[in-house]
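Report on the following structure.
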């Protein structure tokens, strides 16, 4: 293990500057939730970790202030939890309500959520990391990778107008949706270098609102308007809420869809206190997350739960997998090759990665349904089923493990309700056939990912088959009154 902050002079010049070299076992680009968690796992195991972050200290995570963590996964992370009564924790909730487009169906579902102010969460977590020896270099921007014999050995960054070289046995890209390191890799490095375009992300708009007449009836918080991909959530203000929406293609698409919602939702008057916007990945991850001395995680690897866009705890699961493999690799004196890191790919894609790939494919069938069809789907509980509101144990928790298991009776009920919907013209035969087709393809893709090659030599042939399967995925069209949005 390399002692933290060991500084040596490099023996060669890069351009017109002499490079100051800082060394550590692991170097991570980005100081968000993915980076912070992996850093915490590795420093607990006794390894030196350096994080470089382009933003100033205290300014990380301010793009979207309030985020939702799955409470059980937050607890299972092992991290010190936010404390009740502090500004960091807005609240903990255990149920949500899904609302149909005609507002006639209100389906209560279990959704264990901790509502957290992200900047404060990261500020506290960064303090813990630094107290345990992690070095965080703020206002430090990634410039380029450093190679020896065509293999990564470090990177060059810019801090305070000067270039600094960092050497490490492993470079981790956790730079968010920009994927600064991954997109700079050479083609022959074996990790896809795609950049996220407008159709590869969900454009999220958040409005922090205050009810103008709080004593008059208004929608309770934690309401999901699923057809519009919108929601009301806690803001920390007693007389207010966060009105959020996420749509593909552009912020303009999200704005138009939100306007369509507001025309029918009949919300009481409110004041917009502030607005935020940001993006979250909406596409499959790279076929491989690793290469020689390289790993990508979080948004840089497009790791998100397809049905909600949540990515924090999903990538924490990847971090747990990665930490075990990285520790074994670091114990060896050899260069950390792709082969030593390959088990990260195998363990991730065979389980969570396979489930996410299937869910992402299913969406190409689900998103086509119209407003009228969504009313029928929710009324008949074809996607969400209701429980007994009086019995907390009976309230369903959809997609608890990123998949929905159905009994034979539930399958038969689903099929009969679909057929009845077609007969009564509540559902389009075309859209039902698209759903059946996408579900069939989802099953094939999931099975293929569950057979992710354990031997890197079999990766190329596996990838060719994977490309064939993904090419069968069709574009979905989400039609609103004022805009039609493509989902690829």
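So here's what we get for this one:
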{"item": "Principal-axis tilt of helix 251-265 within the chain, Cα atoms, nearest 10 degrees", "result": "30"}
{"item": "Contact order relative to length of the stretch 167-259, as percent, for alpha carbon pairs under 8 angstrom and 6 or more apart", "result": "26"}
{"item": "Bridge type composition, the chain - antiparallel percent by DSSP, nearest 5", "result": "75"}
{"item": "For the chain: relative contact order, % (alpha-carbon pairs under 8 angstrom, 6 or more apart)", "result": "16"}
{"item": "Percent of C-alpha pairs per 10 Å bin, the stretch 199-281, short to long", "result": "18, 53, 25, 4, 0"}
{"item": "Degrees between helix 429-450 axis and first principal axis of the chain (Cα, 0 to 90, nearest 10)", "result": "30"}
{"item": "Area projected by the alpha carbon convex hull of the chain, averaged over all directions, nm²", "result": "24.3"}
{"item": "Surface/4 of the Cα convex hull for the stretch 240-338, nm²", "result": "9.0"}
{"item": "Size descriptor, Kirkwood hydrodynamic radius, that averages inverse alpha-carbon separations across the stretch 26-117, Å", "result": "15.8"}
{"item": "Helix axis angle, 33-44 relative to the chain longest principal axis, alpha carbon, degrees", "result": "50"}
{"item": "Antiparallel content of DSSP bridges confined to the stretch 90-241, in %, to 5", "result": "90"}
{"item": "Overall Cα dimensions of the stretch 81-135 - principal axes, largest extent first, Å", "result": "54, 21, 16"}
{"item": "Rounded if a/c under 1.5, otherwise prolate or oblate - the stretch 415-488, Cα gyration tensor axes", "result": "oblate"}
{"item": "Sequence-separation-based contact order of the stretch 134-206, relative, with Cα cut under 8 Å and 6+ spacing, percent", "result": "19"}
{"item": "Inter-part distance where the stretch 307-326 and the stretch 412-488 are each reduced to a Cα centre, Å", "result": "24"}
{"item": "Kirkwood Rh in Å, taken over all unlike Cα pairs in the stretch 151-290", "result": "18.3"}
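Quick note: the coordinates plus some simple rules give every number you see, no bench work behind them. Just so you know, these numbers come straight off a predicted model, no measurement behind them.
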